[in-house]
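A short reminder: the numbers here are calculations on the coordinates, not readings from a lab. These numbers were taken from a predicted model, which means no experiment stands behind them. With ideal geometry, Cβ positions are generated from the backbone for all residues, glycine too; neighbour counts draw on all protein chains shown.
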Amino acid sequence: MTTPAPAVAHCPALFLAAPASGQGKTTITAALARYHRDLGRKVRVFKMGPDYLDPQILQQASGQPVTQLDLWMAGTEYCRHQFYLAAQQADLILVEGAMGLFDGEPSSADLAVTFNIPVALVMDVKGMAQTAAAVALGLANFREDVEFYGLVANSCGTQRHAQLIKDALDGRMPLLANLARDPEVSLPERHLGLVQAEEVRDELEVRFNLGKAWLGEQSICDLPPPVAFASQDIAPPKKLLAGTKIGIAKDAAFSFIYSANTRLLEAMGAELHYFSPITDAHLPKVDALWFAGGYPELHAEKLARNSSMLKDVSNFSADNKPILAECGGFLYCLESLTDLDENTHTMCGILAGQGAMRGKRGCQGMQAAMLPEGEVRAHAHHRSRSQNTPAPVAHGKRQRHPAPGEAIFRQQGLTASYLHLFFPSNPEAVAQLFTNPVQPQG
């Protein structure tokens, strides 16, 4: 008996990558998404890697949900399923890469090759001409399995500048666009990356419209060729959270929330209740809490002033109810937080220790959270430190380094760490975190 061939959905798709960070990938991806959206097309955008901020921008630009994809953190089957679902209903799929095209294991190139998506190379060409062509062609010839669609020359000074690059490419790679440097189009940034979309929503609308005009009618605006995306059968998750009410902190201080995580919680039967630790006086009536990452350091004074919320969280923890606190949420659970101006503010105090920002120095990278409930894929990205915390129950396992990763704390029902968890990598373990966390022995 032969196995039936998987179903296939076809959709034009393009992978926007670069030789390094800071080349303008997000700005160009957002402008391109808005260009096609305004033509009446349904655009689905994916972001390579564990990024929270870029997807907020890209979601506003495209008007559609943006999902993070990573072959290590999410797995090939998950990525294939997401592409197939998108291809069934989209007119265009855009994928924004992470860092440089070949950086990381797996890299943006690996994701593009796995799903046969052609790569548009975005490069800041300020200060070079023919060398831009040399770099682009060098990247194109680094691996034979990567399909290059063309070059987008960002920060291109003049038409003469663009012509020098095109002549040097000599027909070996199309020049899809030459884009002049324009600070009115560039996206606003701060210490952890781009500014959150909800903080500058109206400003972003202006920049998206300028970006659409900035692209003009150059070749980058043409629909790329269709890509075949095969189906991937994934069994629906068990209803392990049926009847469980989970309170999720969500405001300007806590917003680093994967949509994949909330979708999974709901698929497992959870009832989600969002609240603001900044403005709400009290917690909602829930069975478990989730404090995700974000920017508590920018709102520490307001968080500290909300004494009724701090008291509610303390009482919730004293009742031994499940709490998951990640990165910024972990800082909120400590006794105090020192912000970027070196002002110290009182936090919840449900875990001993103090948090403090440390400027430009930080930690980032993929890790597996080795929880008592099981391994959950995760990542770290922070520019703060904690001290005087209790002994951890476990550490993260770094993807490619033998040194212990981020400390993981377990106190009563609280699980706290700098790690941001990707829930679909182990739904059963996550469900236990929100219902009956394993208590450490001794």
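Things worth noting here:
- DSSP bridge orientation in region 9-230 - percent antiparallel, rounded to nearest 5: 20 percent
- Relative contact order, percent, region 102-171 [alpha-carbon distance under 8 Å, six or more residues apart]: 39 percent
- 3J(HN,Hα) along region 59-71, derived from phi through the Karplus expression 6.51 cos²θ - 1.76 cosθ + 1.60 where θ = phi - 60°, amounts to 5, 5, 5, 8, x, 10, x, 10, 10, 7, 10, 8, 5 Hz, with x in place of Gly and Pro.
- Cα centroid of region 407-434 to Cα centroid of region 264-328, whole Å: 15 Å
- Annotation: amide H-H contacts under 5 Å for residue 124 (H modelled 1.01 Å from N, sequence separation of 5 or more, or interchain): 154.
- For region 393-405, 3J(HN,Hα) per residue [Karplus equation, 6.51 cos²θ - 1.76 cosθ + 1.60, θ = phi - 60°, Hz, x = Gly/Pro]: 8, 6, 10, x, 10, 5, 5, 9, 9, x, 5, x, x
- Among [x] 29.6; [y] 20.9; [z] 23.3, the entry derived from the coordinates for mean projected area of the Cα convex hull in nm²: [z]
- Gyration tensor verdict on region 213-354 (Cα atoms; rounded if a/c is under 1.5, prolate if a/b is larger than b/c, oblate otherwise): oblate
- Computed from the Cβ-Cβ distance with R0 of 30 Å, the FRET efficiency linking residue 144 to residue 209 stands at 0.15.
- Less than 5 angstrom separates the built amide H of residue 181 from those of 155, 156, all sequence-distant by 5 or more or on a different chain.
- Net charge of neighbours whose Cβ lies under 11 Å from the Cβ of residue 95, counting Lys and Arg as +1 and Asp and Glu as -1: +2
- Other residues within the sphere of radius under 13 Å centred on the Cβ of residue 284, judged by their own Cβ, net out at 0 (K and R +1, D and E -1).
- A simple count of charges around residue 49, restricted to other residues whose Cβ falls under 13 Å of its Cβ and scoring Lys, Arg +1 and Asp, Glu -1, yields -4.
- Placing +1 on the Cβ of every Lys and Arg and -1 on the Cβ of every Asp and Glu, with nothing else charged, gives the chain a dipole about its Cα centre of roughly 200 debye.
- Length-normalised contact order of region 245-433 in % [C-alpha pairs under 8 Å, at least 6 apart]: 20 percent
- Highest to lowest packing among 399-410, 105-116, scored as the average C-beta count within 10 Å: 105-116, 399-410
- Ordering 229-239, 48-58 by mean Cβ neighbour count within 10 Å, with the highest value first, yields 48-58, 229-239.
- For residue 349, the residues whose amide H sits under 5 Å from its own are 334, 335, ignoring neighbours fewer than 5 places away on the same chain, with H placed 1.01 Å from N.
- Relative packing of peptides 424-435, 279-290 - highest average C-beta neighbours within 10 Å first: 424-435, 279-290
- Karplus-derived 3J(HN,Hα), 6.51/-1.76/1.60, for each residue of region 321-332, Hz, glycine and proline x: 8, x, 9, 10, 10, 10, 6, x, x, 4, 4, 5
- Across the chain, the mean sequence separation of Cα contacts (distance under 8 Å, 6 or more residues apart), normalised by length, yields a relative contact order of 13 percent.
- Here the spin labels are modelled as points 7 Å beyond Cα on the Cα-Cβ line, and at residue 230 and residue 38 they lie 3.9 nm apart.
- Beta bridges per DSSP with both ends in the chain, % antiparallel, nearest 5: 45 percent
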